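Here the structure is laid out as C-alpha cells; the discussion comes afterwards.
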Amino acid sequence: MNEHERAFVKRIRGDYEEKAQTPLDELIALDKKAKRPALIFGVFAALVMGVGMCLAMKVIFASHVWTMPVGIAVGLVGIGLAALNYYLYRVLQQKGKDKYGETILSISRELIGE
C-alpha cells in the first residue's frame, strides 16, 4: 500500500471515529442554536412568497381558474412576512443572545485565556 492509499484510508477512518467534543465545538453549536430561529422564519417567508408567485403565474395548478387570485393573495402574505422578517429577526436574534450569551461568553473567555 503506497502513501496515497494510506492517507485515503486514514481520511475515511476519521469520518467514522468518534471525536471528542472540544469547547470550540460547543461554542460553534451554541452560536448556531442562538441564530437558528431567526433564520427559519426568513426561509418560511420566502417559501410562502414563492408559492404565491407560482400560483399567480400558473406554474402549479395551471388548469384552475382560481390560481391567479389565490396566488396574488398568498404572494402578498409572503411579501408581508418578508417585510416583517427584518424586525422579527432582530427580536429573535436578541432573544437567542440573551438565552445563550453568558454561556457563549464564558466558553470564549476560556478559549482565549482571559
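Where a number appears in this text, it was derived from the coordinates with a stated rule and is not lab data. Remember, predicted model here, so these are calculated numbers, not experimental data. Cβ: placed from backbone, ideal geometry, glycine included. Neighbour counts: every protein chain shown.
Here are some notes:
- Folded to 0 to 90 degrees: helix 67-112 orientation relative to the chain principal axis, Cα: 20
- Helix 3-16 axis, angle to the chain major axis (alpha carbon atoms, nearest 10°): 60
- Using a cut-off of 31 Å between Cα atoms, the listed pairs LYS19/LYS99; LYS10/LYS97; LYS10/LYS99 include LYS10/LYS97; LYS10/LYS99 as exceeding that distance.
- Note on the range 8-46 and the range 69-114: Cα centroid distance 18 Å, given to the nearest whole angstrom.
- Folded to 0 to 90 degrees: helix 23-56 orientation relative to the chain principal axis, Cα: 20
- Identified option (computed Rg and Dmax of the Cα atoms in Å; candidates (i) 23.3, 67; (ii) 14.5, 41; (iii) 28.7, 103): (i)
- When each of ASP15, ASP98, ASP31 is scored by the number of other beta-carbon atoms lying within 10 Å, the sequence from fewest to most is ASP15, ASP98, ASP31.
- Whichever aspartates and glutamates have a C-alpha closer than 18 Å to that of LYS35, once near sequence neighbours (fewer than 8 apart) are set aside: ASP25, GLU26, ASP98, GLU102
- Over the chain, dividing the summed -39,500 (n - 2.57) contributions of all DSSP H runs of at least 4 residues by the number of residues returns a 222 nm mean residue ellipticity of -30000 deg cm²/dmol.
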